[in-house]
1. Whole-Hz ³J(HN,Hα) for each residue in the range 63-76, computed from phi via Karplus 6.51 cos²θ - 1.76 cosθ + 1.60 with θ = phi - 60°, x for glycine and proline: what do you get?
2. Take Val36 and Asn86, extend 7 Å from each Cα along the Cα→Cβ direction, and tell me the distance between the two endpoints in nm.
3. If you line up the Cα atoms of the range 43-114 on their principal axes, what length do they span on each, largest first, in Å?
4. Provide Rg and Dmax in Å for the range 25-69, with only Cα atoms included in the calculation.
Amino acid sequence: MDFSEKNNENKTDKKLGLKLNKKEKTLLGTVAVGLVAFGCYNVLNGLITKNGELMEEYDRLQLEFNEKSAKIARKGAMVQELKKLNSDTNKVASNYYGNTNQGEFIYLIDHLINKSGITLQRVEFAETKELEFPEKTDNDAVAQEKDKKDEATSSTTGSSSTDTST
């Protein structure tokens, strides 16, 4: 070691106010590097953990987004299917209910109430809803055919017994 290096070392020691030998400086440097490494490890570990949590959240949100996008994409087809089902339902229901008008019922009920002298506290009417019937399966069709045959058999049996008793 020459005189200039020793002089620089003494200036550094005087600035810090410490007189350390080479072994202590090495130890101090090692501890400093260890503390910096430990701090970096803790910071990076926290960042990695947070990154993992954010990735899981992202995956969850992405899955939810994909599910909702699929529902939106199916909406057009579902609306068409619903219209078709309601149309089919109305065709079937018209065979049973005919042509009814809620306004006519309200007028008739009001007329009957006024004519009879009955006092009512309240009369309520609700909007009608279109019914959805489940699709017929092969088992349903077979059962309906069997019921029709049973009805036909019982009506012919009943008429023949009526004929013999008269």
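1. 5, 4, 4, 4, 5, 5, 5, 5, 5, 5, 5, 7, 4, x
2. 7.3
3. 84, 32, 14
4. Here Rg and the maximum Cα pair distance are 19.3, 64 Å.
Just so you know, all these numbers are worked out from the coordinates, no wet-lab data involved. Every value quoted in this text rests on a predicted model; they were computed, and no experiment measured them. Because the Cβ atoms are built from the backbone with ideal geometry, glycine has one as well, and the counts that use them run over all protein chains shown.
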